[in-house]
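Let me begin by presenting the structure, written as structure tokens, before commenting on it.
The values are calculated or read from the model by the stated rules, or taken from the named source; none is laboratory data. None of the values given here were measured: they were computed from a predicted structure. Glycine also receives a Cβ, built like all others from the backbone with ideal geometry; neighbour counts cover every protein chain displayed. To get the accessible areas, we keep the full protein, side chains included, count just its heavy atoms, and leave off ligands, DNA and RNA. Shrake-Rupley method; radii C 1.70, N 1.55, O 1.52, S 1.80 Å.
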Amino acid sequence: MELLRNLDFSDGFELHHVEKRVTNRPVAIFNLKNTAKAYPAWQLAQWCCKHNLADATERVTQNGAYVIGDASKCVTVDVEQGTISLELNTSEEYTVSRVEGEGWPHILIEQIFEKKVSVMNAKKIELEIELSIDKVTCRQKEPVEHYHTAQFSWIFALADRSGGTGDGDFIWFGCPVYDFRFPLPGEFRAKDGGKPENTGKYIYFIDSRHYLSEPVAIGKRVRLKIDVTQHMKEAIRDAKAKGYLPESRAEDIVLENNNLGWEVTGTFDVGLTFYRLSVDVQ
């Protein structure tokens, strides 16, 4: 059973505000020059950006792709090919290098799953992604510290939707794919923090060596199949053992939503393209 909807992005996007603490409701709808035939299943997130895509205008390229861009970001959707490219140039966002504790620019695509599937009861949860990292250029004038990077992970919220006392509680589960600092990004387990609008929820990222045999090279198109069945189940068990999800039963945790794209904590100009995405559950 495929959980993702509108895989060619033809219904466009809801656009999130740059500041989640102001509103989490959509501030604009990009309907691909009025060609969308249904309300968007996808959202575009631009957290902590100085420039706002809500002020942008859509245009169509000669090959029929739809482009939305502002001074620092560009989103290109090719419905015929079913592809989307995300570009974020933080050289247009940071005037000086980011310091620890400050927010950082994002450009993400997100989708809430309509079908709520129990993680613990699933026989198989398999992710498939085909992508290319199109550019990563460091533009930082000041020294690059350990917290300065450009990274891309596929992230899932695993949430309690039981209707009980723990309803709405969740943890983050992630599959890192690219991080400027590391050839192969490793596992990460910690409380969400590091910026003012953090969720305080548990983060459980697995080691990319489970699905990457070599680093993702710039400009190379790669296709990954990632069986996360046991990893997600272990993330729930680990979270509960550490005191997270205190009012929730493990069997009540479902696949709630997913997001993927760029988070850039240093001064980098970056771009990537997604050619195929799938979340298949059995």
Give me the dipole magnitude in Debye, nearest 20, for region 105-218 about the Cα centre, with unit charges on the beta carbon: positive for Lys and Arg, negative for Asp and Glu. 100
What is the antiparallel percent of DSSP beta bridges lying wholly in the chain, to the nearest 5? 90
Per residue, in Å², the accessible surface of region 211-282 once ligands and nucleic acids are set aside, probe 1.4 Å: 41
Using a Gaussian network model of the chain with C-alpha springs under 10 Å, which one of Phe182, Phe205, Phe170 is most mobile by mean-square fluctuation? Phe182
Quick one: what Rg and Dmax do you get for region 219-282 from the alpha carbons, in Å? 16.3, 46
Could you work out the local net charge near Gly164, counting Lys and Arg as +1, Asp and Glu as -1, over the other residues with Cβ closer than 11 Å to its Cβ? -3
Viscosity 1.306 mPa s, temperature 10 °C: what is the translational diffusion coefficient of region 190-253 from Stokes-Einstein with a Kirkwood Rh over Cα pairs, rounded to a whole number of µm²/s? 111
In region 188-282, what GluC sites (Glu not before Pro) fall in a loop by DSSP, with at most 16 other Cβ atoms inside 10 Å? Glu197, Glu247
Under a Gaussian network model of the chain whose springs join Cα atoms within less than 10 Å, the largest fluctuation of Gln81, Gln230, Gln62 belongs to Gln62
Pick out, from Asn6, Gly243, Asn89, the residue whose Cα sits farthest towards the positive end of the charge dipole of the chain, with +1 on the Cβ of Lys and Arg and -1 on the Cβ of Asp and Glu. Gly243
Suppose all protein chains stay in the model; what accessible area per residue would a 1.4 Å probe give for region 43-88, in Å²? 43
Percent of accessible area on the chain owned by carbon and sulfur, 1.4 Å probe? 47
Kindly provide the helix-only [θ] at 222 nm of the chain, computed as the sum of -39,500 (n - 2.57) over DSSP H runs of four or more divided by all residues, to the nearest 500 deg cm²/dmol? -1500 deg cm²/dmol
tail above 15 Å in the computed P(r) of region 1-97, as % of all Cα-Cα pairs, reads 62
Violating pairs (Cα-Cα greater than 30 angstrom) within the set Lys37/Lys116; Lys220/Lys242; Lys191/Lys225: Lys220/Lys242
Taking the dipole of the chain about the Cα centre (Lys, Arg +1; Asp, Glu -1; charges at Cβ), the one of Val222, Tyr147, Ile133 that reaches farthest to the positive side is Val222
Where is the GNM fluctuation largest for the chain (alpha-carbon springs, 10 angstrom cutoff): Ser213, Ser153, Ser118? Ser213
Taking Lys and Arg as +1 and Asp and Glu as -1, residues besides Arg181 with C-beta under 13 Å from its C-beta add up to -3
Just add up the charged neighbours of Asn31: K/R +1, D/E -1, any other residue whose Cβ is under 13 Å from the Cβ of Asn31. -1
Once you have the Cα-Cα distance between Arg181 and Thr57, take 0.36 nm times their residue separation minus that, and quote the gain in nm to one decimal. 41.2 nm
Mind checking which lysines have their C-alpha under 19 Å from Lys73, skipping anything on the same chain fewer than 8 residues away? Lys20, Lys33, Lys50, Lys135
